[in-house]
1. Conditions: (1) in contact (Cβ under 8 Å) with a residue 40 or more places away in the chain; (2) of a type in the set (Val, Ile, Thr); (3) surrounded by fewer than 17 Cβ atoms within 10 Å (Cβ to Cβ). Val156 meets all but one. Number of the miss?
2. If Arg81 passes every condition in (1) under 20 Å from Ser140 (Cβ atoms); (2) surrounded by fewer than 19 Cβ atoms within 10 Å (Cβ to Cβ); (3) at pLDDT below 95; (4) of a type in the set (D, E, K, R) but one, which one does it miss?
3. Looking at Leu201, Leu205, which one is of a type in the set (A, V, I, L, M), surrounded by 12 or more Cβ atoms within 10 Å (Cβ to Cβ) and either under 25 Å from Ala91 (Cβ atoms) or at pLDDT below 95 (or both)?
4. What are the residues in the range 22-32 that are surrounded by 11 or more Cβ atoms within 10 Å (Cβ to Cβ), touching a helix residue (DSSP H, G or I) at 6+ places or on another chain (Cβ under 7 Å) and in a loop (DSSP other than H, G, I, E, B), if any?
5. For Gly211, indicate whether it is modelled with pLDDT of 50 or more, surrounded by 15 or more Cβ atoms within 10 Å (Cβ to Cβ) and more than 18 Å from the chain's Cα centre (by Cα).
6. Determine the pairs where a residue that is more than 21 Å from Leu43 (Cα to Cα), located within the range 87-110, has a partner that is outside any helix (DSSP H, G or I) and modelled with pLDDT of 75 or more with Cβ atoms under 8 Å apart, the partner being 6 or more residues away or on another chain.
7. For the range 179-195, what are the residues that are within 15 Å of Ala92 (Cβ to Cβ) and in contact with a His (Cβ under 9 Å, 6 or more places away or on another chain)?
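The values are calculated or read from the model by the stated rules, or taken from the named source; none is laboratory data. Computed from a predicted model, the values in this text were never measured in an experiment. Cβ placement follows ideal geometry from the backbone for every residue including glycine, while neighbour counts extend to all protein chains displayed.
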Amino acid sequence: MVRTVVLWVGLLSAPSLAECPVPDDAKPGSVAVRGDAARLAFLAKQLAAQSAEHERWAFGWGASYAVMTIGQIAVVPSFAREFDPDWWWGAATAALGLLLVAPASADYLFDGQGYARRAAGASGDDTCRLIAEGERLLVSGAKAQQNNTRGYLHAVNLAVNAGLAAILVFAHQRPWWIGALNFGLGAPLGAATLFSTPRGLPDALAQYRDGASAPAVEVNLVPFGSGVALVGRF
């Protein structure tokens, strides 16, 4: 009788094995080789958190650039005509800033939190399908976040703002300091937008496939009022 009880308890306490298909590149000790419930919970947590963060980033910066675009157009009639190029080109570059936050390639932005809700109410028959969907969203989201932090985007930001300065100074004969002021304001703003891009999913993907630990501290710049705030996660 005692042996039967010990055996039964041992079976209950043993970790559950994955029954749903495991990615071919999953390494021992990674989340992907754990039980299905643990995999689904990990995917739901990571996708929901990053979806919410990307939403705050996209709409925060998007609203800021939209206000700058509309605001500069609105003040044009209030100034002498010689200032028209300053405001119109400033509005044009602010509108281009919206392209930095266009979320078209980030499907996890729209589906991450919805996925978490579906995962919370998953039945046994849905588990494998939801795990496969979560893995797809994790991979595509990690790729999108990596693309949003590529070095060439910083080069484009500098080139656009330098081009605006050159147009104002050489094409519209504006004083050199006007061009320098526009570059000095526009380039750091674009850099702040890029540096504040959410980037947690590549680490989550490494943890899911390779078992790598997530960083202990994550620091991001986020829109705050008329400026930006430095936010850390521990």
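1. (1)
2. Here Arg81 clears every test but (1).
3. Exactly one of Leu201, Leu205 is of a type in the set (A, V, I, L, M), surrounded by 12 or more Cβ atoms within 10 Å (Cβ to Cβ) and either under 25 Å from Ala91 (Cβ atoms) or at pLDDT below 95 (or both), namely Leu201.
4. Listed by number, the residues that qualify are Val22, Pro23, Ala26, Lys27, Ser30.
5. Values: modelled with pLDDT of 50 or more: yes; surrounded by 15 or more Cβ atoms within 10 Å (Cβ to Cβ): yes; more than 18 Å from the chain's Cα centre (by Cα): yes.
Answer is yes for this residue.
6. Between residues of the range 87-110 that are more than 21 Å from Leu43 (Cα to Cα) and residues that are outside any helix (DSSP H, G or I) and modelled with pLDDT of 75 or more, the close pairs are Trp87/Val75; Trp87/Phe79.
7. The one that is within 15 Å of Ala92 (Cβ to Cβ) and in contact with a His (Cβ under 9 Å, 6 or more places away or on another chain): Gly190.
Residues checked against (1) under 21 Å from Arg199 (Cβ atoms); (2) touching a strand residue (DSSP E or B) at 6+ places or on another chain (Cβ under 9 Å); (3) among the polar types (S, T, N, Q):
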| site | (1), (2), (3) |
| --- | --- |
| Ala119 | no, no, no |
| Asp126 | no, no, no |
| Gly134 | yes, no, no |
| Leu138 | yes, no, no |
| Gln146 | yes, no, yes |
| Val156 | yes, no, no |
